[in-house]
Amino acid sequence: MTYRGPKAYIHTDRLKQNLRNIQRHACDRNLICAVKADGYGHGASIIANSIKNEPGVSFAVFTFEEALELRNENIQNDILIFSRFQKERIQSSLDLNLTLNVSSIQDLKTLISFYHRHQSVPKFHVKFDTGMTRLGIDIEDAAIIYELISKEDGVEPEGIYSHFSTADEGDLSYAELQLNQFKSVIQLGQKSGIKFKEIHFTNSGALLNIPDAFYTSIRVGMLLYGAAPSDEVSMDIDVEPVMSFCGPIVNIRRVKAGTPVSYGGVYITEKDTYIAVIQTGFADGLPRQWFENGIVGYKGQTFKIAGRICMDQFMVDFGDILPVEGEEVLLFGKKDANELPVETIANEIGTTTYVLLTAIHGRTERIII
Ligand SMILES: Cc1ncc(COP(=O)(O)O)c(C=O)c1O
């Protein structure tokens, strides 16, 4: 039986082109591609497998389990794990050649004591908090960290990094403060004789906004998937949406003017019209708030969402156009003659492209193009 429900078409040709355009913009620096949260809803293994052989590509995930999944998919590239590591996972991380995140003095001490017992440690990057106030070593503790590292010959970080909190905003003054903090912490490390093979600070916002922060590698997520990180950046890198999110038309009926549609009857047809039922709902990641001004794409035209989006389905007002049952409408992305940027929905309902893309999972079937 063929599957009936939402589909996410994953355009891997666009993904590769986005990657190349980003790499060119970043003067061929290494790209640490963020494939956490199941590749921002696109399928981590689909994304990683599509670009694993491109030059200068490694991956970042949030959890050990996400990294394990990629290794099980035969992804051999370096994988950096962003979360705090668990003691119990150090040996497996070493065995699987995963790169850990050291984001506290305690993390470093834990790795040092592992080294004393096993004469080896997994690769790790030291993360400093420069103003995000999330994971990361306090700048004031940099000297302690460097002293601990200098004393242990076998415990050397591969990389040093930090994370911007406002790099995708119009006002970059806070990002500049963060960058200055980061510069000082790198200098202190270098003065202490520590060599960092990889230095990285840039996310999608900084890629567009802060060329001074490029260093050796770029950690990139949203731009790779072809969407803007916010509505405040100017999109100077040419990217196309990797996901086209679509839902099938499963029922069509002609209704009279004045017919209420969906829960609460808040949508009332203005004239006699075709109302189609689409098998996709908020449980599939289509945001419920989108019903107020929402539209879908069909054969190069847009049509209004009629009434509240339900858990598994919603309705579209096609007017006098009789759509074909079994065909699909475009919910966001770019496919065939239809284009509906995910950014439009994010701006209309006051959310972000990150929230919308990572909501696509569960019953949605992913189809690789
Ligand atoms: C630590 C870290 N680096 C890089 C990224 C990638 O960010 P973006 O998707 O904005 O490129 C993220 C995403 O949230 C992150 O948490």
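Only the coordinates and a few stated rules stand behind these numbers; no lab work does. Keep in mind that what you see is a predicted model, and the values were worked out from it rather than measured. A quick note on method: Cβ atoms are made from the backbone with ideal geometry, for glycine too, and the neighbour counts reach across all protein chains shown.
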Those aspartates and glutamates that a straight Cα-Cα span of less than 15 Å connects to LYS109, excepting residues fewer than 8 apart in one chain:
GLU88, ASP141, GLU147, GLU152, ASP153, GLU156
Set the Förster distance to 30 Å, then compute FRET efficiency between LYS151 and LEU96 from the Cβ-Cβ distance, nearest 0.05.
0.60
For the chain, the longest principal axis of the Cα atoms and the Cα long axis of helix 173-191 enclose an angle in degrees, to the nearest 10, of 30
Modelled label reach - ASP231, point 7 Å along Cα→Cβ, region 346-360 residues with backbone N closer than 19 Å:
346-358
What does the charge add up to near ALA44, with Lys and Arg as +1, Asp and Glu as -1, over the other residues with Cβ less than 14 Å from its Cβ?
-1
Efficiency of FRET between GLN289 and ASP13 - r from beta-carbon atoms, R0 30 angstrom, step 0.05:
0.40
Rounded to whole Hz, the Karplus (6.51, -1.76, 1.60) HN-Hα couplings of region 137-144, x for glycine and proline
6, 5, 3, 4, 8, 4, 4, 5
Rounded, prolate or oblate, given the Cα gyration tensor of region 12-220, with a/c below 1.5 counting as rounded?
oblate
Built amide H within the under 5 Å cut-off of GLY319, gap 5+
TYR274
Could you pull the Rg and Dmax for region 243-368, using just the Cα atoms, both in Å?
13.7, 42
Gain on full stretching of the segment that runs from LYS271 to LYS195 - 0.36 nm per residue minus C-alpha separation
20.3 nm
Over region 12-220, what is the mean sequence separation of C-alpha contacts under 8 Å (at least six apart), divided by residue count, expressed as relative contact order in percent?
17
Quick one: compute the contact order of region 301-346, relative version, from alpha carbon pairs under 8 angstrom and 6+ residues apart, as a percent.
22
Considering the zone a paramagnetic label at GLU54 would reach in this model (a point 7 Å from Cα along the Cα-to-Cβ line), which residues of region 69-96 have amide N under 18 Å from it?
75-80
Compute the acute angle (0 to 90°) between the alpha-carbon long axis of helix 105-118 and the principal axis of greatest extent of the alpha-carbon atoms of the chain; round to the nearest 10°.
70
One would report the antiparallel percent of DSSP beta bridges in the chain, rounded to the nearest 5, as 50
From the backbone phi of region 33-44, what are the Karplus-calculated ³J(HN,Hα) couplings (6.51 cos²θ - 1.76 cosθ + 1.60, θ = phi - 60°) in whole Hz, Gly and Pro given as x?
7, 6, 10, 5, 6, 6, x, 6, x, 8, x, 4
Region 136-221 - Kirkwood radius from inverse mean 1/r over Cα pairs (Å):
13.6
Computed helical MRE - 222 nm, the chain, DSSP H runs ≥ 4 contributing -39500 (n - 2.57), nearest 500:
-8000 deg cm²/dmol
Please report Rg over Rh for region 178-321, where both radii come from the alpha carbon positions and Rh follows the Kirkwood definition.
1.26
Diffing region 331-347: the Karplus 3J(HN,Hα) column from phi (6.51, -1.76, 1.60, θ = phi - 60°), in whole Hz with x for Gly and Pro, holds 8, 7, x, 8, 8, 6, 8, 9, 9, 8, x, 4, 4, 4, 5, 4, 5
Please find the FRET efficiency linking GLU140 to THR351, where r is the Cβ-Cβ separation and R0 is fixed at 41 Å, and quote it to the nearest 0.05.
0.70
